[in-house]
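Chemist: Sharing a structure with you now.
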Amino acid sequence: MTEKTSRVPDDATGAPVILSNEPGSFARGVLARRHPALIRQVRDAFPYGRRQHDALDALLDEITKGVIEPLAPAEHDRERWADWGQEHFGRSWYDVPFLWAESYFYRRLLGAVGYFGTGPWQGVDPFAPFKRAELRGEAVEEELRALDALASAAADERAAALLHASLWGNRADLGFRVSAGEAAGADTADSAPVAHDSALVADDSAVLWQLLPAGAPSTVAVVADNAGRELVPDLILIDHLLEQRHAEKVVLHLKPYPYFVSDAMTADVVDCLRRLTETPGAASVIGDRLWKAMAAGSLEIRTHPFFCAPLPYEKMPEDLRGEFESATLTILKGDLNYRRLVGDRLWDATAPFAELTAYFPGAVAALRTLKSDVIVGLEPRTLDALERSGVAWRTSGTHALIQVRR
């Protein structure tokens with residue numbers, strides 16, 4: 001059973017752009033509940049002054065009762081957002097494309113706390129306390145200890161386990177124990193554990209490894225999603241690609257500034273590397289290798305403003321297109337990157353992934369747990385079974401996919 005979401009056809013695709021104006025829809029829930037709650041959490045996480053409190057209160061009032069206001073004239077990116085949002089200002093937050101509304105909300109939140117200003121809160125990540133608490137949690141500690149047992153596994157078994165750990169990320173009670181054959185799942189507060197094999201709605205992992213044969217001079221681009229508990233297994237997978245010579249070089253693409261709550265920036269990579277190196281055993285060895293790989297240039301981190309834009313990848317700028325074109329494979333992590341890759345629309349779930357990503361410059365892989373309505377590339381029988389299951393499989397994070405277009 002899928003949640004209802006407003007459908008407004010847009011352009012020649014025939015697939016409706018997702019809005020947030022239908023009661024009971026997943027998108028509406030994000031704007032009506034998640035965003036107000038986040039404002040309160042950010043307000044409480046720092047000893048902000050009156051100016052920040054007033055700005056946060058005004059933003060809360062606007063998103064719950066008002067209409068979308070443009071950025072103030074003095075904001076450094078006012079013209080850019082004026083271009084992106086020229087059709088949306090003055091309208092209800094619920095009546096504009098969901099992806100744009102989410103993106104603009106986070107931009108406004110950063111403005112409210114003074115992230116882009118010249119005062120004492122300039123450059124202070126409002127989400128840092130949440131990221132660091134997760135990174136220092138017992139779940140990460142347990143998974144890093146599990147690396148010791150995984151170190152003795154065969155290379156192909158270890159590769160499969162690390163790919164799945166990166167895929168599930170912050171659903172990581174699946175963790176690194178996949179290779180041990182333990183019952184593993186993705187728990188949520190309102191769902192039972194799901195065996196990882198049955199929870200994969202699409203699995204092109206064999207194609208992914210075919211594109212990265214050991215010993216080939218491959219360059220892999222990895223576009224990160226979340227920090228903390230998801231970025232750690234991403235980094236461990238990157239180490240495996242380099243150590244087992246599936247890649248000669250890996251370029252890790254990050255957000256240039258805070259975006260959605262847990263999105264990864266350079267500071268988050270540093271925090272994760274330190275977490276690895278401080279953990280005894282295999283984790284420390286991996287952390288040291290990654291640290292040295294960055295010094296040697298075989299692992300490079302880059303940022304680009306486009307990663308914080310409310311736009312599909314089809315509209316990526318030429319310099320970023322050139323980077324992906326030169327890569328042997330680009331791996332896009334997470335739900336938001338998937339929405340931007342195929343378009344944040346209510347596609348027919350059986351629409352071919354390869355056709356919708358044909359514009360992408362080079363081979364591309366999507367690793368994603370399902371946390372939004374967008375889905376393509378499913379086999380009809382898989383879709384039928386999921387629809388008959390009676391669960392919110394599109395949005396609950398209990399299912400995942402690995403999709404690859406050569």
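The values are calculated or read from the model by the stated rules, or taken from the named source; none is laboratory data. Treat the numbers as computed from the prediction; the structure is a model and nothing was measured. Methodologically, a virtual Cβ is constructed for each residue, glycine included, from the backbone with ideal geometry; neighbour enumeration extends over all protein chains shown.
Chemist: Taking segment 231-250, which residues are under 22 Å from the mean Cα position of the chain (by Cα) and of a type in the set (Asp, Glu)?
Modeler: If the condition is that a residue be under 22 Å from the mean Cα position of the chain (by Cα) and of a type in the set (Asp, Glu), then Asp234, Asp239 are the ones that fit.
Chemist: How many residues are within 20 Å of Gly29 (Cα to Cα), part of a loop (DSSP other than H, G, I, E, B) and not aliphatic (A, V, I, L, M) when one looks only at segment 49-84?
Modeler: Looking only at that region, the number is 1.
Chemist: Just to check your reading of the model, which residue among Arg158, Arg78, Arg136 is loosely packed, with under 15 Cβ neighbours inside 10 Å and under 30 Å from Gln244 (Cα atoms)?
Modeler: Numbers: Arg158 fails: loosely packed, with under 15 Cβ neighbours inside 10 Å; Arg78 fails: under 30 Å from Gln244 (Cα atoms).
Answer to the selection: Arg136.
Chemist: Also, I was wondering about something else. Would you confirm whether or not segment 288-299 contains a residue that is closer than 21 Å to Val251 by Cβ, of a type in the set (A, V, I, L, M, F, W, C) and part of a strand (DSSP E or B)?
Modeler: Yes: segment 288-299 contains one or more residues that are closer than 21 Å to Val251 by Cβ, of a type in the set (A, V, I, L, M, F, W, C) and part of a strand (DSSP E or B).
Chemist: Quick one: which residue in Thr219, Thr188 is assigned by TED's automatic domain parsing to the domain that holds Ile286, modelled with pLDDT of 95 or more and not aliphatic (A, V, I, L, M)?
Modeler: Only one candidate passes the filter, namely Thr219.
Chemist: If the requirement is being closer than 14 Å to Val404 by Cα and modelled with pLDDT of 95 or more, which of these qualifies: Arg340, Arg368, Arg381?
Modeler: On the way: Arg340 fails: closer than 14 Å to Val404 by Cα; Arg381 fails: closer than 14 Å to Val404 by Cα.
Exactly one residue qualifies, and that residue is Arg368.
Chemist: Within the bounds of segment 87-101, is there any residue that is touching a strand residue (DSSP E or B) at 6+ places or on another chain (Cβ under 9 Å) and among the hydroxyl-bearing types (Ser, Thr, Tyr)?
Modeler: Looking through segment 87-101, none of the residues is touching a strand residue (DSSP E or B) at 6+ places or on another chain (Cβ under 9 Å) and among the hydroxyl-bearing types (Ser, Thr, Tyr).
Chemist: Give the number of residues within segment 37-57 that are loosely packed, with under 14 Cβ neighbours inside 10 Å and under 23 Å from Val96 (Cβ atoms).
Modeler: The total comes to 2.
Chemist: Looking for whichever is touching a residue at least 12 places away in the same chain (Cβ under 8 Å), small (Gly, Ala, Ser) and surrounded by 21 or more Cβ atoms within 10 Å (Cβ to Cβ) here; the options are Ala293, Ala282, Ala264. Which one fits? Even if it seems obvious, please write down each step before you answer.
Modeler: Numbers: Ala293 fails: surrounded by 21 or more Cβ atoms within 10 Å (Cβ to Cβ); Ala282 fails: surrounded by 21 or more Cβ atoms within 10 Å (Cβ to Cβ).
The conditions single out Ala264.
Chemist: In segment 209-239, what residues are farther than 10 Å from Gly169 by Cβ and assigned to a strand (DSSP E or B)?
Modeler: Selection gives Thr219, Val220, Ala221, Val222, Val223.
Chemist: Exactly one condition in (1) within 24 Å of Val207 (Cα to Cα); (2) touching a helix residue (DSSP H, G or I) at 6+ places or on another chain (Cβ under 8 Å) is false for Leu311; which is it?
Modeler: Checking Leu311 against (1) within 24 Å of Val207 (Cα to Cα); (2) touching a helix residue (DSSP H, G or I) at 6+ places or on another chain (Cβ under 8 Å), the one that fails is (1).
Chemist: Could you grab me the full set of residues in segment 84-122 that are within 18 Å of Leu56 (Cβ to Cβ) and exposed (fewer than 15 other Cβ atoms within 10 Å of the Cβ)?
Modeler: Gly119, Pro120, Gln122, listed by residue number.
Chemist: Checking the structure you have, find out if any residue of segment 37-54 is of a type in the set (Phe, Trp, Tyr), under 24 Å from Val374 (Cβ atoms) and touching a residue at least 12 places away in the same chain (Cβ under 8 Å).
Modeler: no
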